[in-house]
Amino acid sequence: MSYSSKVSMILFLSLFINSLMAMAAQAGNFYQDFDITFGDGRAKILDRGKLLTLNLDQVSGSGFKSKNEYLFGRIDMQIKLVPGNSAGTVTTYYLSSEGLTHDEIDFEFLGNSTGEPYTLHTNVFSQGKGGREQQFHLWFDPTKTFHTYSIVWNRQNIIFLVDSIPIRVFNNLESAGVPFPKTQPMRVYSSLWNADEWATRGGLVKTNWTLAPFTATYRNFKANACIAGSSSSCASTIPTNPLTEKSAWETQGIDAAGRKRLRWVQQKFMIYNYCSDFKRFPEGLPAECKQSRF
């Protein structure tokens, strides 16, 4: 085979592999990937598994969880949040293991009155200990269309991303005595529920039940991740390029461009950071606050 023929064959194989990857990325199916956990019919899978809606009324909220457990990976979900007056409601999307010493990586979206911004609440639990809250307002209206919320979890760090923009990094600082999630497989969970005793302005604004049902919509779930219990050491729901030894998430950190975007978010849109709450920690900030680079 001539050199030009070999090059053509390599290009063809690359395009073919990328096509297969794109097809797999689009093939996320809520029937196949998730179980409804509660809601008595308020959670609905639609459009042959391409969409999922969670509903909340005065009787109950609703929720779902992934069939698979994951130990490290990148998890993406597109979500369109409850529109209009969502005060009192909380939409959650998170990874969690089970038990008293569970690990957890949280996105929580706290609703608000019409015209007021959502609060994006993030937290990291390790060995049952949380209290690592950072909160943000978003730079867009999360109810108008779908936006992608991602968690990258590897041995070096946990990165929270919104539309591929990093908003938070939790570094592995075990060397400083800070526990880091690394041994407990976690499922993907999501729920929509009423928390008007605290969710909006500390509970001052209550849920307006005349507007129920409240609805959040999900699509395009992707898990490029190590599936716990798989015969492969790191099986993914999205095939990686076989010419690449590792998935990008396995070593993903924050480069110079990422640090610039992270600073932009934290300077413009962060509204609470436990690492700056000296009143909460009069005896000194947690160890990770003293050593974190971001």
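Tabulated results
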quantity	calculated
Subset of segment 172-202 [touching a helix residue (DSSP H, G or I) at 6+ places or on another chain (Cβ under 7 Å) and of a type outside the set (Phe, Trp, Tyr)]	Leu173, Ala176, Gly177, Val178, Asp196, Glu197
Which numbered condition Asp141 fails, given (1) in contact (Cβ under 8 Å) with a residue 12 or more places away in the chain; (2) assigned to a loop (DSSP other than H, G, I, E, B); (3) more than 22 Å from Thr101 (Cα to Cα)	(1)
Some residue of segment 155-164 being open to solvent by less than 10 Å² (accessible area, probe 1.4 Å), closer than 29 Å to Lys50 by Cα, modelled with pLDDT under 95 and among the hydrophobic types (A, V, I, L, M, F, W, C)	no
Residue list for segment 104-115, restricted to those being out of contact with any Leu (no Cβ under 9 Å at 6 or more places or on another chain) and in contact (Cβ under 8 Å) with a residue 24 or more places away in the chain	Asn112, Ser113, Thr114
Within segment 171-189, considering residues that are within 14 Å of the chain's Cα centre (by Cα) and open to solvent by 10 Å² or more (accessible area, probe 1.4 Å), the one farthest from Thr91 (Cα to Cα)	Arg187
Options His147, His121; residue that is on the phi < 0 side of the Ramachandran plot, surrounded by fewer than 20 Cβ atoms within 10 Å (Cβ to Cβ), touching a residue at least 60 places away in the same chain (Cβ under 8 Å) and in contact with a Leu (Cβ under 9 Å, 6 or more places away or on another chain)	His147
Strands (runs of 3 or more DSSP E) fully within segment 1-107 counting 2 or more residues that are modelled with pLDDT under 95 and among the basic types (Lys, Arg)	none
Selection from segment 148-162 of residues that are of a type in the set (Ser, Thr, Tyr) and closer than 16 Å to Met186 by Cα	Ser150
Residue ID - nearest to Ile159 (Cα to Cα), chosen from residues in segment 263-294 that are open to solvent by 100 Å² or more (accessible area, probe 1.4 Å), in a loop (DSSP other than H, G, I, E, B) and basic (Lys, Arg)	Arg293
Residues (β-branched (Val, Ile, Thr) and either out of contact with any Phe, Trp or Tyr (no Cβ under 6 Å at 6 or more places or on another chain) or under 18 Å from Leu81 (Cα atoms) (or both)) located in segment 151-195	Ile151, Ile159, Val162, Ile165, Val178, Thr183, Val188
Check on Arg132, basic (Lys, Arg), under 25 Å from Pro286 (Cβ atoms), in a loop (DSSP other than H, G, I, E, B) and in contact with a Pro (Cβ under 9 Å, 6 or more places away or on another chain)	yes
Residue list for segment 190-232, filter: β-branched (Val, Ile, Thr), open to solvent by less than 30 Å² (accessible area, probe 1.4 Å) and part of a strand (DSSP E or B)	Thr217
Of all residues making up segment 108-129, the number that are assigned to a loop (DSSP other than H, G, I, E, B) and among the charged types (D, E, K, R)	1
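To keep it simple, each residue is scored yes or no on (1) closer than 27 Å to Gly203 by Cα; (2) in contact with a strand residue (DSSP E or B) (Cβ under 9 Å, 6 or more places away or on another chain).
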{"position": "Val90", "(1), (2)": "yes, yes"}
{"position": "Ser97", "(1), (2)": "no, yes"}
{"position": "Thr101", "(1), (2)": "no, yes"}
{"position": "Gly115", "(1), (2)": "yes, no"}
{"position": "Thr119", "(1), (2)": "yes, yes"}
{"position": "His137", "(1), (2)": "yes, yes"}
{"position": "Lys144", "(1), (2)": "yes, yes"}
{"position": "Thr148", "(1), (2)": "no, yes"}
{"position": "Leu173", "(1), (2)": "no, no"}
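Here is a yes/no grid of residues against (1) under 20 Å from Pro213 (Cα atoms); (2) open to solvent by less than 10 Å² (accessible area, probe 1.4 Å); (3) in contact with a Gly (Cβ under 7 Å, 6 or more places away or on another chain):
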| position | (1), (2), (3) |
| --- | --- |
| Ile36 | yes, no, no |
| Asp57 | yes, no, no |
| Gly63 | yes, yes, yes |
| Ile75 | no, yes, no |
| Pro83 | yes, no, no |
| Glu98 | no, no, no |
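The values are calculated or read from the model by the stated rules, or taken from the named source; none is laboratory data. Since we're looking at a predicted model, the values are computed, not measured. So basically every Cβ, Gly included, is an ideal-geometry build from the backbone, and we count neighbours across all protein chains shown. With ligands, DNA and RNA removed, areas are computed over all heavy atoms of the protein, side chains included. Shrake-Rupley method; radii C 1.70, N 1.55, O 1.52, S 1.80 Å.
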